[in-house]
Amino acid sequence: MTAAASHSIGPRRLLTLLGGRATFRLLLYGSAGVLVAAWSREDFNAYAAAVGAVGWLCMVVQSGPEKAALTLIPRARRTRDHITGMLRAVVARGPLPFTAAAVAGLVLAPHSTVTIYLLAVAYYVSLGCGMLGVALHRALGRYTRDTAHFSLLGLGMIGMAGLAFTSHLRPAGYLAGLLVLVTVLNLALLRGLPAGARDRPEARTAGPPRRTLRGIVAGTVMLMGAVDVMGNAMVGTLFVELSLTSHADQSGDFYMMILVWGFATSVIYTLQRIYQPRLALRTGSSGAGQVRELARRVALLSVWIGGAWLVVAGTALAGGLAGTRSLVALGGLLASLLPVNALAGFAVFLLENTGKAGLRACAKAVVMSWAVVAVLGALVIPFAGAAGAVYALGAQGFVLGTMLGRRM
């Protein structure tokens, strides 16, 4: 079977992949609803503040390595096992120090705020490593692991939430259970992934030296991961800023809305990652100019729509929406923001597949957008609470579009 054939995405395969992700997301939302009913508002706010602040760490271990795997492995021949083995090591070893710190905190101070944060960090690092493991199987043309992993993960999460409701598990116990669940699923993913090809005689003479290959993989991981890591770090920064204001009790409201926002953005992200291996196989230097031109047009469109959103949403905040506890109002703000961020994200997706220059441009743009969002959040959140956090997030698509449009 050719590489192109093994990565063919027909309707059945696409629906199966989306079905596994949708099951995970729906059960994630269901578990959040159960937790709201199971815990006091104080416990839920403490949980929401922790997972909201550190959730972006999932993307640190997932995004860059996943994109590198989906870009490099389908095109590799002699070095495929080397590349897979390097990224497999991240899945196997990445969570270990964080899990050890979380276990120590659980033993010494089970219900302290520090322990909740340590458990949240360990959980999200392990979750990201699991998503990387799934991507490695997908890069090798094995798509069934994706659906099974996310379905089991979702079922385990709703089961843990039910246990929190019936057995009165507090946030630390709940997060500890999730950490155990993800660790078991990650160990299952390691089976079937090549640990490397260093012991095969033919592999020692094939392809570039391991040090050179390691540098190629590491550079690709860093550049391709910058956008998603910093994009998620924006949300984490806003949670931290919100927790330091008099509106800290709105952390739970903001978390519930971000969950719904995450569903929409995850659909877009998933579709991009599903088709990335085929894009990596088909995109050549001859078509890079056309792709860059399309990315420029999409980026400029996000600037105009994003600028209009900032004006309208800012008027709404000044007119009385600031400090609202209405989930409908917060949801409306986020829903109206989605088209802007989707356009900017599509421009990034196109540009980052045109080579290193495109990757560097995307990385610089997302760092600038994080800085602008953080500053805007520091100014607006003390005045407007969770609604101000949503407004600050609205600057992301506008800044990304502006930076990318100028650089192209």
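The values are calculated or read from the model by the stated rules, or taken from the named source; none is laboratory data. Here the structure is a predicted model, which means the values were calculated and not measured. Cβ: placed from backbone, ideal geometry, glycine included. Neighbour counts: every protein chain shown.
Any residue that is out of contact with any strand residue (DSSP E or B) (no Cβ under 7 Å at 6 or more places or on another chain) and within 20 Å of V182 (Cα to Cα) - is there at least one of those in segment 40-47? Break it down stepwise before answering.
We begin by selecting, within segment 40-47, every residue out of contact with any strand residue (DSSP E or B) (no Cβ under 7 Å at 6 or more places or on another chain); these are 40-47.
After this cut, where a residue has to be within 20 Å of V182 (Cα to Cα) as well, the list is 47.
There is at least one residue in segment 40-47 that is out of contact with any strand residue (DSSP E or B) (no Cβ under 7 Å at 6 or more places or on another chain) and within 20 Å of V182 (Cα to Cα).
In segment 317-401, which helices (runs of 4 or more DSSP H) lie fully inside it and hold 3 or more residues that are farther than 19 Å from M234 by Cβ and modelled with pLDDT of 85 or more?
Working: elements: 327-351, 356-384, 386-393.
Where helices (runs of 4 or more DSSP H) fall fully within segment 317-401 and carry at least 3 residues being farther than 19 Å from M234 by Cβ and modelled with pLDDT of 85 or more, they are 327-351.
Any idea which of (1) buried (at least 17 other Cβ atoms within 10 Å of the Cβ); (2) hydrophobic (A, V, I, L, M, F, W, C); (3) under 20 Å from E241 (Cβ atoms) is the one L343 doesn't satisfy?
So the condition that L343 fails would be (3).
Take T402 and tell me if it is among the hydroxyl-bearing types (S, T, Y) and within 17 Å of L301 (Cβ to Cβ). Steps first, please.
Working: among the hydroxyl-bearing types (S, T, Y): yes; within 17 Å of L301 (Cβ to Cβ): yes.
So T402 passes the test.
When you check L132 against the structure, is it at pLDDT 95 or above and either assigned by TED's automatic domain parsing to the domain that holds A69 or surrounded by 21 or more Cβ atoms within 10 Å (Cβ to Cβ) (or both), yes or no?
On the way: at pLDDT 95 or above: no; either assigned by TED's automatic domain parsing to the domain that holds A69 or surrounded by 21 or more Cβ atoms within 10 Å (Cβ to Cβ) (or both): yes.
No: the conditions fail for L132.
Which ones in segment 287-330 are surrounded by 12 or more Cβ atoms within 10 Å (Cβ to Cβ) and at positive phi?
The answer is G323, and nothing else.
Can you tell me which residue within segment 228-248, out of those that are among the hydroxyl-bearing types (S, T, Y) and assigned to a helix (DSSP H, G or I), is farthest from G345 (Cα to Cα)? Show your work before the answer.
As a first pass, look at segment 228-248 and keep what is among the hydroxyl-bearing types (S, T, Y): 237, 243, 245-246.
Checking the rest, the ones that are also assigned to a helix (DSSP H, G or I) come to 237, 243.
Details: T237: 19, S243: 28 Å.
Ranking the qualifying residues of segment 228-248, first place goes to S243.
For T99, indicate whether it is β-branched (V, I, T) and either under 30 Å from H168 (Cβ atoms) or not in a helix (DSSP H, G or I) (or both).
On the way: β-branched (V, I, T): yes; either under 30 Å from H168 (Cβ atoms) or not in a helix (DSSP H, G or I) (or both): yes.
Considered against the rule, which asks whether it is β-branched (V, I, T) and either under 30 Å from H168 (Cβ atoms) or not in a helix (DSSP H, G or I) (or both), T99 comes out as yes.
Starting from segment 161-187, take each residue that is assigned by TED's automatic domain parsing to the domain that holds L35 and closer than 16 Å to P110 by Cα and list its partners that are hydroxyl-bearing (S, T, Y) and assigned to a helix (DSSP H, G or I), counting only C-beta distances under 6 angstrom and pairs at least six apart or across chains.
Hits for this filter: A164/Y174; P171/Y47; A172/T115; L175/Y123; L178/Y123; L179/Y123.
Taking the options F150, F98, name whichever one is over 16 Å from L57 (Cβ atoms) and of a type in the set (F, W, Y).
Details: F98 fails: over 16 Å from L57 (Cβ atoms).
Residue meeting the stated conditions: F150.
Does segment 330-356 hold any residues that are out of contact with any Leu (no Cβ under 9 Å at 6 or more places or on another chain) and among the small types (G, A, S), and which are they?
Correct list: G331, G332, A335, S336, A342, G355.
What's the number of the condition A37 fails, among (1) under 22 Å from the mean Cα position of the chain (by Cα); (2) at pLDDT 85 or above?
Condition (1) is where A37 drops out.
Which residue out of R75, R170 is modelled with pLDDT of 90 or more and either aromatic (F, W, Y) or surrounded by fewer than 21 Cβ atoms within 10 Å (Cβ to Cβ) (or both)? Before the answer, list the steps.
Working: R75 fails: modelled with pLDDT of 90 or more.
Being modelled with pLDDT of 90 or more and either aromatic (F, W, Y) or surrounded by fewer than 21 Cβ atoms within 10 Å (Cβ to Cβ) (or both) holds for just one of R75, R170, which is R170.
Report yes if T84 is crowded, with 16+ Cβ neighbours inside 10 Å, over 19 Å from the mean Cα position of the chain (by Cα), free of Cβ contacts under 8 Å to residues at least 60 places away in the same chain and assigned to a helix (DSSP H, G or I), otherwise no.
On the way: crowded, with 16+ Cβ neighbours inside 10 Å: yes; over 19 Å from the mean Cα position of the chain (by Cα): yes; free of Cβ contacts under 8 Å to residues at least 60 places away in the same chain: no; assigned to a helix (DSSP H, G or I): yes.
Spelling it out, it is not the case that T84 is crowded, with 16+ Cβ neighbours inside 10 Å, over 19 Å from the mean Cα position of the chain (by Cα), free of Cβ contacts under 8 Å to residues at least 60 places away in the same chain and assigned to a helix (DSSP H, G or I).
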